[in-house]
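Read-outs: derived from the displayed coordinates by stated rules, not from any lab. For clarity, every value in this text was computed on a predicted model and none was experimentally measured. Note: ideal-geometry Cβ built from the backbone for every residue, glycine included; neighbour counts use all protein chains shown.
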Amino acid sequence: MGTGMCETHGDRARVGRCLVCLREVCAECATFEVGRGVACGPCGEAEIARAPRSGMMAVGLVALGYLAVVAIGVGLFKGRPLVVGVAALFAVFLSRILPLRPSLGRVDIRRRGGGP
């Protein structure tokens, strides 16, 4: 590691480090663009496959957070209309911070070279 050469093709200079497995990769191995970085083929494919599941999980967590705030608010404030508004604000806040989880699904990932 740290040689400036691809870990798979030892005779080729690296173009970056895979954002998932952290291996140094050459232009051939860096098959995915991820934001400003790159990912190798296996890691990029795995992240694309994982994205729909993580999106549904985020929706479920936001809904669960909303219902929890409504339940707590109804118990504390005896069902005043303010409770639903506060719960909605909490759900919006939760939906904004959940994509910051440490996975590539939070950023645009696409195959390099304009492929599918």
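Residues whose amide H lies under 5 Å from that of residue 23, counting only those 5 or more places away or on a different chain, are 18; hydrogens are built 1.01 Å from N in the peptide plane. Taking amide H as placed 1.01 Å from N in the peptide plane, residue 38 has its amide H under 5 Å from the amide H of 17, 19, each at least 5 places away in sequence or on another chain. Extension gain, residue 5-residue 68: 0.36 nm per intervening residue step, less the Cα-Cα distance, totals 17.6 nm. Projecting label points 7 angstrom from Cα along Cα→Cβ for residue 77 and residue 13 puts them 6.1 nm apart. Backbone phi angles across region 19-30, fed through the Karplus curve with coefficients 6.51, -1.76 and 1.60 (θ = phi - 60°), yield HN-Hα couplings of 6, 9, 8, 6, 7, 6, 10, 8, 4, 6, 6, 7 Hz in residue order; Gly and Pro are listed as x.
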